[in-house]
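Beneath this line is the structure, given in structure tokens, with notes to follow.
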Amino acid sequence: MRIAVIGGGNGAYAAAADLTEKGHEVRLWRRNAEALRASKVLVLKDADGERKVTIGAVSENIADAVRGAELIFLPDPAFTQLDNAKRLAPHVSDGQVVFLAPGTFGSWIMAQDVKADVAFAETGTLPWLTRKHGPTTAAITARATRLPTGVYPARKSESARKVISKVFPVEQVEDALSAALMNAGPVIHPPLILMNAGPLEHFERWDIHKEGTQPSIRRVTDALDAERIAARVALGYKAPHFPLADHYRADGDEWMYGRKVHKKLTDSNDWREPIVLGEHRYMREDVEHGLAFLVSVCEWAAVPCPVARGLLALGSAVLGKDLRHEGRTLENLGLASLSKDELKVKLQ
């Protein structure tokens, strides 16, 4: 399949290398492509070792990347979606599928600018646990085995699923809002960064998933995830709800990355990293966008969310702005005045 990968972060590099190795024709777009444009070679590291992968094309011209692509894949953070929508709008064509991983309801955001007759899909996490090792190396710790995926407009769900499932292990959910409420980032990351703020600002590097994941923090994560699931139930979305607790279990239901993956993540040491609270994507994407969105949905659906609201208030204090009013919310998207039934119709 011909795939356009949009971005230059961890997920984009993993996508370009891994999907190329799987036999797809990949064109990578990033704003600064100089380091890759000449050789088109990425180094892929995973459990099978380290090898060079030559991708199809690298371009700073987004039109060249998306022209003729069946799938346009955007693994960059939620705060890039509006800019990327404006970049893509003149160049996408009817019938293409745009896939955001994760989405944070970005499918709705992007559809307001992109007027071509395309399907926007989003899922709950990146298809890889991955980190860049230098300017041309992608290290993959684990690959997703289940990706709950929703489509906007939902009437295009089946046709979009047929395209995406050629590449990723998608499991179709009801619509884009259902998929947005599968997003793991706003559940796992806000407690980890806010409750580890002291060591994050004290130590040069700190692994929030290893030393930072302690029983008290896990209890907060479970309570926060219960609020997310309660919102899904209140809106009529069906199980499985992919409870985050399954990520930490060695048995039971398989989570998005399979079983026993948390140990792989901590053993890799790739997440022992510097995190600047005001700048890192865990704050800018998962608190400012994802957690603000979750709180707004819970309040709109009359679902109590004291943990989510409390964490959002802490994030607001850290960033010095009111994320409940300035973040990505149903109010700021112009949707809060709709009833549940009216929004579901609009999502179709």
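The values are calculated or read from the model by the stated rules, or taken from the named source; none is laboratory data. Keep in mind it's a predicted model, so treat the numbers as computed, not measured. Heads up, the Cβs are rebuilt from the backbone with ideal geometry, glycines too, and the neighbour counts pull from every protein chain shown. The area values use the complete protein model at the heavy-atom level, side chains included, leaving out ligands, DNA and RNA. Shrake-Rupley method; radii C 1.70, N 1.55, O 1.52, S 1.80 Å.
Key figures
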| quantity | calculated |
| --- | --- |
| 5 Å-binned pair-distance histogram of region 1-127 (Cα, whole percent) | 2, 12, 23, 25, 20, 11, 5, 2, 0 |
| Region 81-205: radius of gyration over Cα atoms, expressed as a fraction of 2.2 N^0.38 Å | 1.20 |
| Violating pairs (Cα-Cα greater than 19 angstrom) within the set 22/166; 210/260; 238/263; 86/115 | 238/263 |
| Total charge dipole magnitude, region 2-100, about the Cα centre, Cβ charges on Lys, Arg, Asp, Glu only, Debye to nearest 20 | 220 |
| Helical contribution to [θ] at 222 nm, DSSP H n ≥ 4, -39,500 (n - 2.57), averaged over the chain, rounded to 500 | -10500 deg cm²/dmol |
| Protein accessible area in region 85-202, 1.4 Å probe - carbon and sulfur % | 50 |
| Net +/- balance of residues flanking residue 115 in space, Cβ distance below 13 Å, scoring K and R +1, D and E -1 | -2 |
| For the chain, with +1 on Lys and Arg beta carbons and -1 on Asp and Glu, the positive-most of 202, 213, 325 along the dipole | 213 |
| At 0.692 mPa s and 37 °C, Stokes D of region 215-263 from Kirkwood alpha-carbon radius, µm² per second | 284 |
| For region 243-348, fraction of C-alpha pairs farther apart than 18 Å, in % | 62 |
| Distance histogram for region 148-191 (every C-alpha pair counted, 5 angstrom bins, percent rounded to whole numbers) | 5, 24, 27, 20, 12, 8, 3, 1 |
| Test item: Cα-centred dipole of the chain, Lys/Arg +1 and Asp/Glu -1 on Cβ, debye | 560 |
| Full-extension gain in nm, residue 22 to residue 54, via 0.36 nm per residue minus C-alpha separation | 10.3 nm |
| Neighbourhood net charge (9 Å Cβ-Cβ; Lys/Arg +1, Asp/Glu -1) for residue 189 | -1 |
| Mean separation of Cα contacts under 8 Å, 6 or more apart, over the residue count of region 135-174: relative contact order % | 49 |
| Net charge dipole size for region 84-131 [Lys, Arg +1 and Asp, Glu -1 on Cβ; Debye, nearest 20] | 220 |
| Alpha carbon convex hull of the chain, projected area averaged over orientations, nm² | 16.0 |
